[in-house]
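Visitor: What follows is a single structure, and I will ask about it in a moment.
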Ligand code: OSB
Ligand code: MG
């Protein structure tokens with residue numbers, strides 16, 4: 001089967017956050033993201049989301065930069081594409097189309113939005129669910145909560161609430177000055193909950209003693225303690241501490257995964273699909289890790305219900321054995337871009353099996369939330 005892309009829309013969307021979200025590098029106050037909307041020659045529409053921030057506080061890619069690159073370089077190439085796919089290997093057809101934008105360096109989030117829109121289009125055309133397209137099997141996804149940096153009291157109170165609601169693990173954002181005490185307090189309140197920390201690159205090897213002091217708290221893992229572009233120093237750290245290291249920011253492609261595993265830089269991989277140029281590449285990383293028994297889990301970037309739909313389908317693959325960062329939109333936003341967004345019940349999300357995205361796009365909400373719109377090809 002074949003589909004060709006006839007039209008592309010690039011939308012910048014803004015949704016208020018109910019509470020600001022602070023990581024070691026800075027604070028996110030509003031959710032702004034890019035939506036890529038592709039239309040094919042059958043008139044079918046596919047959406048993708050690049051869940052970026054305006055400031056480069058997580059990685060170097062920014063909302064404005066991705067917007068420019070999508071509009072000027074990537075979408076014009078995709079508009080010339082015909083995707084050839086057969087039912088058995090539909091993802092190979094999408095991967096082949098993505099190879100066209102691979103010649104551009106970086107901009108994984110921009111590429112991921114395109115890859116998502118192509119997956120959505122193929123799923124709609126084949127009338128299969130994203131889960132079926134990706135080959136996922138789990139009926140439910142276990143969810144952990146990610147707690148931003150806040151006062152000690154606020155973090156403990158939030159942890160209490162989420163543990164009582166049934167969330168399967170608690171992740172504490174840490175940075176120098178907000179680490180040992182907060183871990184101690186939450187561990188004391190919840191002696192057995194799977195607990196982890198995420199430093200978003202706030203430490204260096206000079207902090208080994210401090211990071212080693214977290215050993216007694218029986219943490220599930222320590223996510224991205226050192227620089228966002230480092231692998232080697234993480235290997236040094238992992239040799240010095242008992243807590244398993246997990247890499248997030250350092251992993252942008254399968255090659256990085258291979259190097260991290262081969263050097264012993266980490267024992268666990270956070271597969272954040274948008275960070276690795278989309279769901280198809282994320283599945284390749286999953287397959288590689290599953291074959292080598294490297295545990296993986298699905299990270300998030302405060303996506304709307306559109307971006308989360310792809311992550312949920314992907315997280316139903318068998319190698320995703322640890323709880324996902326997949327809190328529901330109701331925890332972050334006053335409204336979502338899909339109708340009837342998923343809920344988390346007893347710490348679980350039910351994976352949708354309906355054809356296409358699995359959720360109904362709320363076109364009206366998207367229209368109301370759009371702050372800029374570009375249509376390609378230009379007339
Ligand atoms: O490092 O995982 C991260 C949010 C913004 C930037 C970076 C990260 C996060 C999260 C959010 O932890 C997780 C989620 O989307 O639920
Ligand atoms: Mg992280």
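The values are calculated or read from the model by the stated rules, or taken from the named source; none is laboratory data. A quick note: this is a predicted structure, and the numbers were derived from the prediction, not measured. Heads up, the Cβs are rebuilt from the backbone with ideal geometry, glycines too, and the neighbour counts pull from every protein chain shown.
Visitor: Let me confirm something: among 255, 275, which residue is under 20 Å from the mean Cα position of the chain (by Cα), away from ligand 1 (no atom under 16 Å from the Cβ), modelled with pLDDT of 95 or more and part of a helix (DSSP H, G or I)?
Guide: Result of the check over 255, 275: 255.
Visitor: Hey, among the residues in the range 192-218 that are over 23 Å from residue 232 (Cβ atoms) and within 16 Å of ligand 1 (Cβ to nearest atom), which one's surrounded by the fewest Cβ atoms within 10 Å (Cβ to Cβ)?
Guide: Among residues in the range 192-218 that are over 23 Å from residue 232 (Cβ atoms) and within 16 Å of ligand 1 (Cβ to nearest atom), the one surrounded by the fewest Cβ atoms within 10 Å (Cβ to Cβ) is 194.
Visitor: Looking at 117, 110, which one is modelled with pLDDT of 95 or more and more than 26 Å from residue 349 (Cβ to Cβ)?
Guide: Just one listed residue meets the conditions, 110.
Visitor: Out of the range 258-272, which residues are touching a residue at least 40 places away in the same chain (Cβ under 8 Å) and either touching a strand residue (DSSP E or B) at 6+ places or on another chain (Cβ under 6 Å) or assigned to a helix (DSSP H, G or I) (or both)?
Guide: Those that are touching a residue at least 40 places away in the same chain (Cβ under 8 Å) and either touching a strand residue (DSSP E or B) at 6+ places or on another chain (Cβ under 6 Å) or assigned to a helix (DSSP H, G or I) (or both): 268, 270, 271.
Yes/no per residue for (1) more than 11 Å from ligand 2 (Cβ to nearest atom); (2) surrounded by fewer than 24 Cβ atoms within 10 Å (Cβ to Cβ); (3) more than 23 Å from residue 96 (Cβ to Cβ):
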{"position": "220", "(1), (2), (3)": "yes, yes, yes"}
{"position": "228", "(1), (2), (3)": "no, yes, yes"}
{"position": "255", "(1), (2), (3)": "yes, yes, no"}
{"position": "269", "(1), (2), (3)": "yes, no, yes"}
{"position": "276", "(1), (2), (3)": "yes, no, no"}
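Visitor: Let me ask something else about it. List the residue pairs whose Cβ atoms are under 7 Å apart, where the first residue sits in the range 289-305 and is within 18 Å of residue 29 (Cα to Cα) and in contact (Cβ under 8 Å) with a residue 60 or more places away in the chain, the second is away from ligand 2 (no atom under 12 Å from the Cβ) and in a loop (DSSP other than H, G, I, E, B), and the two are 6 or more positions apart or on different chains.
Guide: 300/326; 301/51; 302/51; 303/51; 304/336; 304/337
Visitor: Among the residues of the range 131-142, is any within 30 Å of residue 226 (Cα to Cα) and surrounded by 20 or more Cβ atoms within 10 Å (Cβ to Cβ)? Reasoning before the result, please.
Guide: So in the range 131-142, the residues within 30 Å of residue 226 (Cα to Cα) come out as 141-142.
Imposing the further condition that a residue be surrounded by 20 or more Cβ atoms within 10 Å (Cβ to Cβ) reduces the set to 141-142.
The answer is yes; a qualifying residue exists.
Residues checked against (1) within 16 Å of ligand 2 (Cβ to nearest atom); (2) assigned to a helix (DSSP H, G or I):
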position: 109; (1), (2): yes, yes
position: 113; (1), (2): no, yes
position: 117; (1), (2): no, yes
position: 123; (1), (2): no, yes
position: 132; (1), (2): no, yes
position: 136; (1), (2): no, no
position: 141; (1), (2): no, no
position: 145; (1), (2): yes, no
position: 159; (1), (2): no, yes
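Visitor: Output the strands (runs of 3 or more DSSP E) that fall wholly within the range 1-96 and possess 1 or more residues being modelled with pLDDT of 95 or more and crowded, with 20+ Cβ neighbours inside 10 Å, or say none. Reasoning before the result, please.
Guide: On the way: elements: 2-23, 26-40, 45-50, 82-84.
Of the strands (runs of 3 or more DSSP E) lying wholly inside the range 1-96, those with at least 1 residues that are modelled with pLDDT of 95 or more and crowded, with 20+ Cβ neighbours inside 10 Å span 2-23, 26-40, 45-50.
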